[in-house]
Amino acid sequence: MATDLFRDLPSVDRLLQDPYVARLLLEQPRDLVVQAAREALEAARVALRDGQANGVVAALPRAVEARLWAAIRPALAPVINATGVVIHTNLGRAPLSQDALAAARLAGEGYTNLEYDLGAGARGSRHALVTDLLRRLTGAEDALVVNNNAAAVLLALSALAQGREVVISRGQLVEIGGGFRIPDVMRQSGATLVEVGTTNRTYAADYEAAISDDTALLLRVHTSNFKQVGFTHTPSLDELVDVAVRHGLPVVDDLGSGSLLDTSRYGLGREPMVQESVAAGAALVTFSGDKLLGGPQAGIVVGRARDVTHLKKHPLTRAVRPDKLTFAALGATLVHYLRGEAETHVPVWRMISASLDALDARCRVLVPALPLPATVVEVSATVGGGSLPGETLPSRAVAIASSSPHRLAAALRTASTPVVARIEDDRLLLDLRTVLPEQDALLGQVLREALAPFVG
Ligand SMILES: *Cc1c(COP(=O)(O)O)cnc(C)c1O
């Protein structure tokens with residue numbers, strides 16, 4: 001009976017002769033079109049076998065085209081973030097500034113002085129490219145950039161504590177997300193974990209009591225994505241440095257996001273600032289390039305010259321070195337801070353500092369352009385990226401009431417430019433705080449297209 005079932009399916013050759021498919025053959029490599037035709041036929045066979053005969057054969061030419069586009073389109077594509085989570089790790093964290101993009105483009109387009117000292121006409125070091133900027137901005141003696149902050153922490157522990165002990169508070173043995181667990185990283189570096197204090201309370205004296213001849217350093221880890229409330233205590237960095245200095249030990253401070261700007265000026269709590277950790281005497285401070293810094297993915301280490309030099313010489317450094325695009329984008333991002341224009345030029349800070357009036361006005365432009373009834377509602381955005389847990393920023397969203405908000409959300413996710421929204425109380429919410437203002441027109445257009453099938 002199987003032959004009967006598949007009777008109407010054309011052969012690959014016949015399918016390639018279909019005018020619609022033949023047109024694809026004129027524009028695209030033959031083997032890719034043939035492959036797409038084979039896959040489309042196989043999918044049709046499965047559909048027929050499963051009793052879904054309706055229109056399967058007629059839809060074959062379009063199915064070939066869809067499979068062809070899916071194969072040649074880069075899998076990584078732009079998405080509009082309407083979630084209200086500013087630093088959304090799943091959506092690629094920080095969007096880059098125009099200057100950072102331009103710098104990355106220039107660096108990628110041709111050759112650069114990545115490792116060439118133009119003055120001396122000799123080999124240079126990529127690690128020198130952003131050192132001066134980082135020193136000026138943070139007050140540190142030296143700096144090193146690696147691929148991400150996870151690599152920075154692993155490198156710091158490997159270089160300074162392999163085969164020795166690292167003292168850390170029990171309350172800071174955290175999992176950051178994506179499987180990054182401090183105890184695992186510690187083990188990987190070859191350091192031995194010495195936990196002190198209790199889950200909720202750790203004192204400077206606990207660190208002091210745990211120090212032995214085998215102690216390499218004291219580690220402080222920002223708890224980033226969770227918040228302890230109630231009966232808690234953690235020594236200040238000053239206290240920790242005090243203990244460490246008395247024993248001739250370094251303090252390594254993993255800030256996670258870290259910030260060069262004071263988040264409390266934006267109605268948020270205070271995310272630890274890199275400059276303050278340096279000033280407090282941390283030997284090394286590590287933080288991410290693509291969290292609140294608002295730059296490309298990178299791990300930044302700043303601190304004492306002696307300790308940074310130690311890291312630079314470690315063999316792991318070569319394995320975690322960033323490429324030229326990262327250095328270009330990071331350098332341009334740091335210049336925004338140096339020029340005092342981060343708030344207006346770095347997208348993450350533009351989003352955080354956007355006024356409610358501005359967000360409200362943008363929502364009101366969008367609402368009448370939509371094919372479904374929508375309203376402007378008050379919502380709460382978050383910073384995300386493991387910074388400021390539990391803290392929210394008042395925001396404004398376009399709300400679309402629906403009996404099937406999940407279907408609306410799915411339609412938006414699969415639109416020509418995917419839009420990621422959130423659902424609250426059976427409403428689809430599009431929080432404009434995380435939509436780049438330059439994307440508003442595109443967002444309106446995508447919404448009109450994607451929501452059209454739900455009208456009436
Ligand atoms: C986010 C984070 C990391 C990991 O940083 P990546 O840049 O994502 O590798 C490490 N430690 C803390 C405390 C963090 O918040």
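The values are calculated or read from the model by the stated rules, or taken from the named source; none is laboratory data. A quick note: this is a predicted structure, and the numbers were derived from the prediction, not measured. Cβ placement follows ideal geometry from the backbone for every residue including glycine, while neighbour counts extend to all protein chains displayed.
Looking only at the stretch 394-421, how many residues end up being modelled with pLDDT under 95 and farther than 30 Å from Ala70 by Cβ?
Matching residues across the stretch 394-421 total 2.
When you look at Asp214, is it out of contact with any helix residue (DSSP H, G or I) (no Cβ under 7 Å at 6 or more places or on another chain) and exposed (fewer than 13 other Cβ atoms within 10 Å of the Cβ), yes or no?
Details: out of contact with any helix residue (DSSP H, G or I) (no Cβ under 7 Å at 6 or more places or on another chain): yes; exposed (fewer than 13 other Cβ atoms within 10 Å of the Cβ): yes.
When the stated conditions are applied, Asp214 passes them.
Could you grab me the full set of residues in the stretch 93-141 that are touching a residue at least 24 places away in the same chain (Cβ under 8 Å) and touching a Lys or Arg at 6+ places or on another chain (Cβ under 8 Å)? Explain how you work it out, then say what you get.
Kept after step one, since they are touching a residue at least 24 places away in the same chain (Cβ under 8 Å), are these residues of the stretch 93-141: 93-104, 106-108, 112, 114, 126-127, 129-130, 133-141.
Within the stretch 93-141, Arg93, Ala94, Ala107, Gly108, Thr112, Leu114, Arg126, His127, Ala140, Glu141 meet the criteria.
Within the stretch 1-56, which residues are among the aromatic types (Phe, Trp, Tyr) and either closer than 21 Å to Trp69 by Cα or not in a loop (DSSP other than H, G, I, E, B) (or both)? Quick ask: steps written out before the conclusion?
Filtering the stretch 1-56 down to residues among the aromatic types (Phe, Trp, Tyr) leaves 6, 20.
Answer for the stretch 1-56, where residues must be among the aromatic types (Phe, Trp, Tyr) and either closer than 21 Å to Trp69 by Cα or not in a loop (DSSP other than H, G, I, E, B) (or both): just Tyr20.
Would you mention how many residues in the stretch 169-201 are farther than 14 Å from Ala150 by Cβ and in a loop (DSSP other than H, G, I, E, B)?
Residues flagged as farther than 14 Å from Ala150 by Cβ and in a loop (DSSP other than H, G, I, E, B) within the stretch 169-201 amount to 7.
Considering only residues that are surrounded by fewer than 17 Cβ atoms within 10 Å (Cβ to Cβ) and either within 16 Å of the ligand (Cβ to nearest atom) or aliphatic (A, V, I, L, M) (or both), which ones fall in the stretch 226-238? If you could, list the steps in order and put the result at the bottom.
Filtering the stretch 226-238 down to residues surrounded by fewer than 17 Cβ atoms within 10 Å (Cβ to Cβ) leaves 226-233, 236, 238.
Those that are surrounded by fewer than 17 Cβ atoms within 10 Å (Cβ to Cβ) and either within 16 Å of the ligand (Cβ to nearest atom) or aliphatic (A, V, I, L, M) (or both): Phe226, Lys227, Gln228, Val229.
Return a yes/no flag: does the stretch 412-419 have any residue that is among the small types (Gly, Ala, Ser), surrounded by fewer than 21 Cβ atoms within 10 Å (Cβ to Cβ) and farther than 28 Å from Phe226 by Cα.
Step one: list which residues in the stretch 412-419 are among the small types (Gly, Ala, Ser), which gives 415-416.
Pick out the ones that are also surrounded by fewer than 21 Cβ atoms within 10 Å (Cβ to Cβ) and you get 415-416.
Next, only the ones that are farther than 28 Å from Phe226 by Cα stay: 415-416.
Yes.
Could you tell me which residue of the stretch 314-334 is surrounded by the most Cβ atoms within 10 Å (Cβ to Cβ), considering only residues that are more than 18 Å from the chain's Cα centre (by Cα) and without any contact (Cβ under 8 Å) to a residue 12 or more places away in the chain?
Here the residue is Ala319.
Let me spell it out: the conditions are (1) crowded, with 22+ Cβ neighbours inside 10 Å; (2) within 16 Å of the ligand (Cβ to nearest atom), and Leu160 meets all of them except one. Which number is the exception?
(2)
Please indicate, with yes or no, whether at least one residue in the stretch 190-202 is within 13 Å of the ligand (Cβ to nearest atom), in contact with a Phe, Trp or Tyr (Cβ under 7 Å, 6 or more places away or on another chain) and in contact (Cβ under 8 Å) with a residue 12 or more places away in the chain. Walk me through it before giving the result.
Pass one, the stretch 190-202, residues within 13 Å of the ligand (Cβ to nearest atom): none.
No, the stretch 190-202 contains no residue that is within 13 Å of the ligand (Cβ to nearest atom), in contact with a Phe, Trp or Tyr (Cβ under 7 Å, 6 or more places away or on another chain) and in contact (Cβ under 8 Å) with a residue 12 or more places away in the chain.
Looking at the stretch 74-92, is at least one residue within 28 Å of Asp307 (Cβ to Cβ), part of a loop (DSSP other than H, G, I, E, B) and at pLDDT 95 or above?
No, the stretch 74-92 contains no residue that is within 28 Å of Asp307 (Cβ to Cβ), part of a loop (DSSP other than H, G, I, E, B) and at pLDDT 95 or above.
Could you list all residues from the stretch 348-382 that are under 25 Å from the mean Cα position of the chain (by Cα), in a helix (DSSP H, G or I) and small (Gly, Ala, Ser)?
Correct list: Ser353 only.
Since Glu175 meets every condition but one in (1) free of Cβ contacts under 8 Å to residues at least 24 places away in the same chain; (2) surrounded by fewer than 14 Cβ atoms within 10 Å (Cβ to Cβ), which condition does it not meet?
All conditions are met except number (2).
So Arg38 ticks every box in (1) loosely packed, with under 13 Cβ neighbours inside 10 Å; (2) of a type in the set (D, E, K, R); (3) more than 30 Å from Thr434 (Cβ to Cβ) but one. Which box is left unticked?
Of the numbered conditions (1) loosely packed, with under 13 Cβ neighbours inside 10 Å; (2) of a type in the set (D, E, K, R); (3) more than 30 Å from Thr434 (Cβ to Cβ), the odd one out for Arg38 is (1).
Quick one: which of Ala59, Ala63, Ala44, Ala120 is within 37 Å of the chain's Cα centre (by Cα) and either surrounded by 12 or more Cβ atoms within 10 Å (Cβ to Cβ) or hydrophobic (A, V, I, L, M, F, W, C) (or both)? Steps first, answer last, please.
Numbers: Ala59 fails: within 37 Å of the chain's Cα centre (by Cα); Ala44 fails: within 37 Å of the chain's Cα centre (by Cα); Ala120 fails: within 37 Å of the chain's Cα centre (by Cα).
One residue alone meets the criteria, Ala63.
So which of Val285, Val241 is within 17 Å of Thr215 (Cβ to Cβ) and either of a type in the set (A, V, I, L, M) or surrounded by fewer than 19 Cβ atoms within 10 Å (Cβ to Cβ) (or both)? Show your work before the answer.
Details: Val285 fails: within 17 Å of Thr215 (Cβ to Cβ).
Selected residue: Val241, the only one of Val285, Val241 that is within 17 Å of Thr215 (Cβ to Cβ) and either of a type in the set (A, V, I, L, M) or surrounded by fewer than 19 Cβ atoms within 10 Å (Cβ to Cβ) (or both).
Does any residue in the stretch 209-229 that is within 10 Å of Val167 (Cβ to Cβ) come within less than 7 Å, Cβ to Cβ, of a residue that is more than 13 Å from the ligand (Cβ to nearest atom) and acidic (Asp, Glu) six or more places away or on a different chain, and which pairs are these?
Ser212/Glu165; Thr215/Glu165; Ala216/Glu165
So, in the stretch 239-267, how many residues would count as being more than 17 Å from Val167 (Cβ to Cβ) and within 16 Å of the ligand (Cβ to nearest atom)?
Taking the stretch 239-267 first, the residues more than 17 Å from Val167 (Cβ to Cβ) are 255-267.
Now drop any that are not within 16 Å of the ligand (Cβ to nearest atom), which leaves 255-260, 263.
The number of residues fulfilling the criteria is 7.
Can you name every residue in the stretch 383-432 that is part of a loop (DSSP other than H, G, I, E, B) and among the charged types (D, E, K, R)?
Residues of the stretch 383-432 that are part of a loop (DSSP other than H, G, I, E, B), as a first pass: 385-386, 388-392, 402-404, 414-418, 421, 425-426.
Listed by number, the residues that qualify are Glu391, Asp425, Asp426.
This table checks each residue for (1) within 15 Å of the ligand (Cβ to nearest atom); (2) not basic (Lys, Arg).
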{"residue": "Gln275", "(1), (2)": "no, yes"}
{"residue": "Ala279", "(1), (2)": "no, yes"}
{"residue": "Ala282", "(1), (2)": "yes, yes"}
{"residue": "Gly299", "(1), (2)": "yes, yes"}
{"residue": "Arg304", "(1), (2)": "no, no"}
{"residue": "Val308", "(1), (2)": "no, yes"}
{"residue": "Leu311", "(1), (2)": "no, yes"}
{"residue": "Tyr337", "(1), (2)": "no, yes"}
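Residue check: is Gly384 surrounded by fewer than 14 Cβ atoms within 10 Å (Cβ to Cβ) and not polar (S, T, N, Q)? Reasoning before the result, please.
Details: surrounded by fewer than 14 Cβ atoms within 10 Å (Cβ to Cβ): no; not polar (S, T, N, Q): yes.
So Gly384 fails the test.
Please list, ordered by first then second residue, the pairs with beta carbon atoms under 9 Å, 6 or more apart or interchain, first in the stretch 10-34 and more than 22 Å from Leu48 (Cα to Cα), second surrounded by fewer than 13 Cβ atoms within 10 Å (Cβ to Cβ) and among the hydrophobic types (A, V, I, L, M, F, W, C).
From the stretch 10-34, the pairs are Gln28/Ile72; Pro29/Ile72; Leu32/Ile72.
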